[in-house]
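Visitor: Have a look at the structure that comes next, please.
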Amino acid sequence: MIAVILSFSDDPARLDLRPAHRERSAALAEQGVLLAGGPFADQSGALLVFATDDMEVVRAALDDDPYYSAPGVRVETVQPWTIASGGIPSA
């Protein structure tokens, strides 16, 4: 798995791209590429967990979605991740 951590600023420009971004994310989830994703409760950023160890797949997903390069969105971390305990239930 690969985890992606985003940070958000107060720039509202990203909000215009959010509906299309959520459609892309839903499609990735349906394809089994995106395991989970969503904003932090304080809206300071978001966490995405991709169900792949292929960094190229994740980079392509990030590059294909203009939301990730929008003003107000910063990709902070893209890193392999392992569940050590528990699991990720379906939401």
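Where a number appears in this text, it was derived from the coordinates with a stated rule and is not lab data. None of the values given here were measured: they were computed from a predicted structure. Heads up, the Cβs are rebuilt from the backbone with ideal geometry, glycines too, and the neighbour counts pull from every protein chain shown.
Visitor: Kindly indicate the residue of region 7-38 that is touching an Asp or Glu at 6+ places or on another chain (Cβ under 9 Å) and over 17 Å from ALA60 (Cβ atoms) and also surrounded by the fewest Cβ atoms within 10 Å (Cβ to Cβ) among those meeting that condition.
Guide: Here the residue is SER7.
Visitor: Okay, moving on. Any idea which residue in region 39-86 is surrounded by the fewest Cβ atoms within 10 Å (Cβ to Cβ), counting only those that are touching a His at 6+ places or on another chain (Cβ under 9 Å) and part of a helix (DSSP H, G or I)?
Guide: Among them, the one singled out is PRO66.
Visitor: Within region 17-33, can you find the residues that are in contact (Cβ under 8 Å) with a residue 24 or more places away in the chain and among the charged types (D, E, K, R)?
Guide: Residues satisfying the conditions are ARG18, ARG24.
Visitor: Under 9 Å by Cβ, and 6 or more places apart or on different chains, what pairs join a residue from region 64-91 that is under 17 Å from GLN43 (Cα atoms) with one that is loosely packed, with under 11 Cβ neighbours inside 10 Å?
Guide: The qualifying pairs are PRO71/PRO12; GLY72/ASP10; GLY72/PRO12.
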